[in-house]
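I have placed the structure first, in the form of structure tokens, so that the comments after it can refer back to it.
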């Protein structure tokens, strides 16, 4: 019997109640939806992405996969999915909530988003150390050959990644990478340690794959203090002594002047390519 208000509880559904006065959170709501269905329900799709910390996604109504027969009463709090095939393992417990693992979330969403959005989702999971390209392949290998919706999209994305691919460490870096892509500038390596056996010059945001061009994207948060500026100058001097050309772009350049930013990068690359051809 579900406790009533007089017992200090509030009924959510006929099968689930909450403590009166407890904070109303997303975690509480999705857990209630899972409990309403039964022990074979796992939070999935966009709802799972929100639980794993992916920002700006619609978590409700709650999506659930049901792996065994649950309650016969139609749930009032969730959308139910009944997958025919699942990897092993497919689920996890996150703060006590049964939830689909991040790799499977990507596969579930691959059928619902554009390739560009899917790439951003992979980067967001990756930068949170929840997946990597190799780990997604490994976890989903039993499903990746199937002709299910989304499988081809995810496989094409993984196949397009360079072996040394590193996702952007910030939204600013992601924005800069998108600017290059739209301008047909070849993708650069991200978050690369530069130097030689004698000295480490530092980790740079972007480095060109074909010419000695380093790009640094400077956020106001991390590059405006005097100590930050001094450290940047020391690192830039070291990189220039090592033969690199260093170009810096700030938040205003990247967010408000994307065409100018792309043009500057193209001109610098073209100059360095001409120099390389003359030297050859």
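Is it true that residue 57 is in contact with a helix residue (DSSP H, G or I) (Cβ under 7 Å, 6 or more places away or on another chain), in a strand (DSSP E or B), surrounded by 15 or more Cβ atoms within 10 Å (Cβ to Cβ) and at pLDDT 85 or above? Criteria not met by residue 57. Number of residues in the stretch 264-274 that are loosely packed, with under 15 Cβ neighbours inside 10 Å and either in contact with a helix residue (DSSP H, G or I) (Cβ under 7 Å, 6 or more places away or on another chain) or in contact (Cβ under 8 Å) with a residue 24 or more places away in the chain (or both): the value is 2.
Among residues belonging to the stretch 238-258 that are farther than 21 Å from residue 192 by Cα and either touching a residue at least 60 places away in the same chain (Cβ under 8 Å) or in contact with a strand residue (DSSP E or B) (Cβ under 7 Å, 6 or more places away or on another chain) (or both), point out the one that is surrounded by the most Cβ atoms within 10 Å (Cβ to Cβ). If we take residues in the stretch 238-258 being farther than 21 Å from residue 192 by Cα and either touching a residue at least 60 places away in the same chain (Cβ under 8 Å) or in contact with a strand residue (DSSP E or B) (Cβ under 7 Å, 6 or more places away or on another chain) (or both), then 258 is surrounded by the most Cβ atoms within 10 Å (Cβ to Cβ).
Counting only residues that are touching a residue at least 40 places away in the same chain (Cβ under 8 Å) and over 19 Å from residue 121 (Cβ atoms), the stretch 43-73 holds 2 of them. For the stretch 8-34, a residue qualifies if it is out of contact with any strand residue (DSSP E or B) (no Cβ under 8 Å at 6 or more places or on another chain) and surrounded by 12 or more Cβ atoms within 10 Å (Cβ to Cβ), and the qualifying residues are 13, 15, 16, 26.
The values are calculated or read from the model by the stated rules, or taken from the named source; none is laboratory data. Since the model is a prediction, treat every value here as computed from it, not as a measurement. Note that each Cβ is placed from the backbone with ideal geometry, even for glycine, and that neighbours are counted across all protein chains shown.
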